[in-house]
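The values are calculated or read from the model by the stated rules, or taken from the named source; none is laboratory data. Just so we're clear, the structure is a prediction, and the values are computed from it rather than from any experiment. So basically every Cβ, Gly included, is an ideal-geometry build from the backbone, and we count neighbours across all protein chains shown.
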Amino acid sequence: MDKMIEFPNLGIHLSDVGDHITVFGFDIAYYGMIIGAAILTGIFIAAAEARRTGQNPEDYFDFAIYAVIFSIIGARIYYVAFSWDMYKDDLKSVFNLRQGGLAIYGGVIAAIITAVIYAKVKKMSVTLIFDTAGLGLVAGQAIGRWGNFFNREAFGEYTDGLFAMRLPVSAVRSSDITELMRQNMEKENGISFIQVTPTFLYESVWCLALLLCLLLYRRHKKFNGEVFFLYLLGYGLGRFWIEGLRTDQLLVPGTDIPVSQVLAGVLVFTSALIIILGRGRKRVRNRSGMSAQ
């Protein structure tokens, strides 16, 4: 029963959900498999978008090699930096990714830096790279969040709402269990269960909806980079809300403020401003062109 995952108010009862498979004596975590699937999906979506827009897809396969490596490093550094108390007494655990511990904003920051350098070296438009690779990025996020499902992590406070998720206490990090969860803890056949908000699910669905919106809008963009900044704006809005529900927040040192909420707010404001200014410049150029005629 300690492998159960249930959504009782939806009538979904999964009795044996493991977190890995064993192949020839080696354990392979579902988390890693899902992250791998997310990366591959993102790469092929970016390559397809490059092909559609007349770019060379090979440029994006090459870019992906660097982006994936540095994004994983960036995501891990971000997570460890804001969870240092978990790692300071066991530095080897910094390199153990099998149990999760990747912060998407760290990956996004690293990917942006990588794209800027790659565009400069290859003499490509960095904003066009942003638009093209951004579609793959959000698709990967939608898939990657399901790694949290198998790891029983990235969930929120106790709820008895429609999407409430029920987990064995033995499968969850004690630091993620709140007092309210303990107050509503249930026991069945000697096993204790908590009921939580499946924020990983909310974020996955949010990213999928955002991807669909970007795919519909991309043909109507007014300037290169607009699709990517719409991604940052849309994802930031969702992340700001979802982060407030989570119990495993990374906090600004010395405060109770979630660092990802702060970053999400900054990106929403900055992206909105860039989009407004970019569309404004496009209108001015269009008027100037009409006047010249």
Scanning the stretch 182-230 for residues that are more than 30 Å from VAL172 (Cα to Cα), surrounded by 15 or more Cβ atoms within 10 Å (Cβ to Cβ) and of a type in the set (A, V, I, L, M) gives LEU211, LEU214, LEU215, VAL227, LEU230
In the stretch 172-181, anything modelled with pLDDT under 95, assigned to a helix (DSSP H, G or I) and surrounded by 14 or more Cβ atoms within 10 Å (Cβ to Cβ) is listed as ASP176
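This table checks each residue for (1) in contact with a Leu (Cβ under 7 Å, 6 or more places away or on another chain); (2) over 30 Å from PHE44 (Cα atoms); (3) assigned to a helix (DSSP H, G or I).
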residue	(1), (2), (3)
GLY136	no, no, yes
GLY140	no, no, yes
TYR158	yes, yes, no
SER170	no, yes, yes
PHE200	no, no, yes
GLU203	no, no, yes
LEU208	no, no, yes
PHE228	no, no, yes
Cβ pairs under 7 Å, 6+ apart or interchain, first in the stretch 102-131 and modelled with pLDDT under 95, second among the acidic types (Asp, Glu) and part of a helix (DSSP H, G or I), ordered by first then second residue, are none
Those residues of the stretch 159-171 that are surrounded by fewer than 21 Cβ atoms within 10 Å (Cβ to Cβ), touching a strand residue (DSSP E or B) at 6+ places or on another chain (Cβ under 7 Å) and not polar (S, T, N, Q) come to a total of 6
Of the candidates GLN249, GLN261, the one satisfying the condition of being under 29 Å from ILE194 (Cβ atoms), free of Cβ contacts under 8 Å to residues at least 40 places away in the same chain and in contact with a Ser or Thr (Cβ under 9 Å, 6 or more places away or on another chain) is GLN249
How many residues of the stretch 16-53 are among the β-branched types (Val, Ile, Thr) and either in contact with an Asp or Glu (Cβ under 9 Å, 6 or more places away or on another chain) or surrounded by fewer than 17 Cβ atoms within 10 Å (Cβ to Cβ) (or both)? The answer is 7
Is one or more of the residues making up the stretch 194-216 modelled with pLDDT under 95 and of a type in the set (A, V, I, L, M, F, W, C)? no
Selection from the stretch 246-280 of residues modelled with pLDDT under 95, in contact with a helix residue (DSSP H, G or I) (Cβ under 7 Å, 6 or more places away or on another chain) and either closer than 18 Å to LYS221 by Cβ or not in a helix (DSSP H, G or I) (or both) yields ARG246, THR247, ASP248, GLN249, LEU250, LEU251, VAL252, PRO258, GLY278
Check: Would the stretch 180-197 turn up any residue that is closer than 30 Å to ILE45 by Cα and within 23 Å of the chain's Cα centre (by Cα)?
Finding: no
Filter the stretch 22-54 for residues that are in contact with a strand residue (DSSP E or B) (Cβ under 8 Å, 6 or more places away or on another chain) and of a type in the set (Ser, Thr, Tyr); the one that is nearest to PHE200 (Cα to Cα) is TYR30
When restricted to VAL80, VAL108, VAL121, the only residue of a type in the set (Val, Ile, Thr) and loosely packed, with under 13 Cβ neighbours inside 10 Å is VAL121
Of ILE77, ILE43, the only residue that is modelled with pLDDT of 90 or more, of a type in the set (Val, Ile, Thr) and farther than 26 Å from TYR217 by Cβ is ILE77
Among the residues in the stretch 112-132, are any under 30 Å from LEU245 (Cα atoms), among the polar types (S, T, N, Q) and touching a helix residue (DSSP H, G or I) at 6+ places or on another chain (Cβ under 6 Å)?
no
Practice task
Report yes if ASN148 is more than 30 Å from ARG285 (Cα to Cα) and modelled with pLDDT under 95, otherwise no.
Solution key: yes
